[in-house]
Amino acid sequence: MMSVSEQDAAAAIKARMVSLTVLELFSTDLEELDRQLLEKVAQAPKFFRNAPVMIDFGQLDQEVDGSWLEKACELLSANNFVPVGITGAKESLEFAARARNIAVWPAAGTARHDTVVESPQPEIKEEPVQSPPAPQEAVTPQEAPHTETLVIRQPVRSGQKVYARGGDLIVLASVSTGAEIMADGHIHVYGTLRGRALAGARGKESARVFCNDLQADLVSIAGVYIINDDLPSDMRKTAVQIYLQEDQLKIESLR
């Protein structure tokens, strides 16, 4: 029997390492959850709009049922998130999730090691699983008081997150795929930049990203971002600076 060529096939199933937003729960208080989501979205509305979200129940002490999950998903949708999956939940809740066509991911085998905790509970993290949201409106700048520059001397490895709150971030080594670095100001990477780099995290449009070797999965400035597939071929694996101009990211060679 002849096999169907890829040209004749209706679709192709492929594995791809992309990004998914994770909402790690510590409380069942939906009003408080709604308040903190509003605060988070206000920092970078463009970045989080239509973001696919996986709800992580692994740190939640209280038990919840399908009715609570339904309300939580409605709350996420009201804040322009798209709930797509859960993890760390009890079996009964997994049944409820599947009933509304929400995927169930297995709980992580090991704890996540974040270099810096970036926000109060519940914490929103980024995991390499699904595609990031498409750009929408511009971010309103929110200038944060500048603090001392954060200098990281060791490589930032997959699963780690580093956040320079209120200041610039300097990484004297490389950033691995699956890692995330954030700064309210500029980001400098003196090694290879893979993973995700988010400068101007609170809306500072004058922030820039500098690196010696651009291979990033995603680069964002004030919520405006570009993913790896869209990086100009002549700028890959070269020293560049990335900045925001008229709501678009510009990439320029440093050599």
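The values are calculated or read from the model by the stated rules, or taken from the named source; none is laboratory data. Every value quoted in this text rests on a predicted model; they were computed, and no experiment measured them. Here Cβ is always computed from backbone atoms with ideal geometry, including for glycine, and neighbour counts include all displayed protein chains. Please note that ligands, DNA and RNA were not included when accessible areas were found on the heavy atoms of the full protein model with its side chains. Shrake-Rupley method; radii C 1.70, N 1.55, O 1.52, S 1.80 Å.
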| query | Among the candidates Leu75, Leu23, Leu37, which residue alone is at pLDDT 90 or above, within 30 Å of Ala179 (Cβ to Cβ), open to solvent by less than 100 Å² (accessible area, probe 1.4 Å) and not polar (S, T, N, Q)? | reply | Leu75
| remark: Asp61 fails exactly one of (1) at pLDDT 85 or above; (2) over 30 Å from Val219 (Cβ atoms), namely (1)
| Considering only residues of region 225-235 that are open to solvent by 60 Å² or more (accessible area, probe 1.4 Å) and either hydroxyl-bearing (Ser, Thr, Tyr) or more than 24 Å from Ala201 (Cβ to Cβ) (or both), which is nearest to the chain's Cα centre (by Cα)? | Ser233
| request: Would you list the strands (runs of 3 or more DSSP E) that sit entirely within region 150-242 and hold 1 or more residues that are of a type outside the set (Phe, Trp, Tyr) and over 21 Å from Leu254 (Cβ atoms)? | output: 150-152, 161-164, 180-183, 224-227
| query | Pairs, please: C-beta under 7 Å, at least 6 apart or cross-chain, first residue of a type in the set (Asp, Glu) and in region 237-252, second part of a strand (DSSP E or B)? | reply | Asp247/Val224; Glu252/Val240; Glu252/Gln241
| said: Looking at (1) closer than 23 Å to Val41 by Cβ; (2) modelled with pLDDT of 90 or more; (3) open to solvent by 10 Å² or more (accessible area, probe 1.4 Å); (4) not polar (S, T, N, Q), which one does Ile221 not meet, given that it meets all the others? | reply: (3)
| field | Qualifying positions in region 243-255 - outside any strand (DSSP E or B) and surrounded by 13 or more Cβ atoms within 10 Å (Cβ to Cβ) | value | Asp247
| remark: Across region 47-60, the tally of residues that are surrounded by 18 or more Cβ atoms within 10 Å (Cβ to Cβ) and under 30 Å from Asp247 (Cα atoms) stands at 7
| query | Only one of Glu70, Glu63, Glu94 is charged (D, E, K, R), open to solvent by 90 Å² or more (accessible area, probe 1.4 Å) and either under 23 Å from Leu38 (Cα atoms) or out of contact with any Cys (no Cβ under 8 Å at 6 or more places or on another chain) (or both); which? | reply | Glu63
| message | Out of the residues in region 76-91 meeting the condition of being of a type in the set (S, T, N, Q) and in contact (Cβ under 8 Å) with a residue 12 or more places away in the chain, tell me which one is farthest from Asp34 (Cα to Cα). | response | Thr87
| query | Can you pull out the residues in region 188-210 that are polar (S, T, N, Q) and under 13 Å from Ile242 (Cβ atoms)? | reply | Ser206
| field | Residue list for region 160-191, restricted to those being closer than 19 Å to Asn228 by Cβ and surrounded by fewer than 19 Cβ atoms within 10 Å (Cβ to Cβ) | value | Ser176, Thr177, Gly191
| said: For the list (1) modelled with pLDDT of 75 or more; (2) open to solvent by 100 Å² or more (accessible area, probe 1.4 Å); (3) farther than 27 Å from Cys73 by Cβ, I need the number of the one condition that Glu31 fails. | reply: (3)
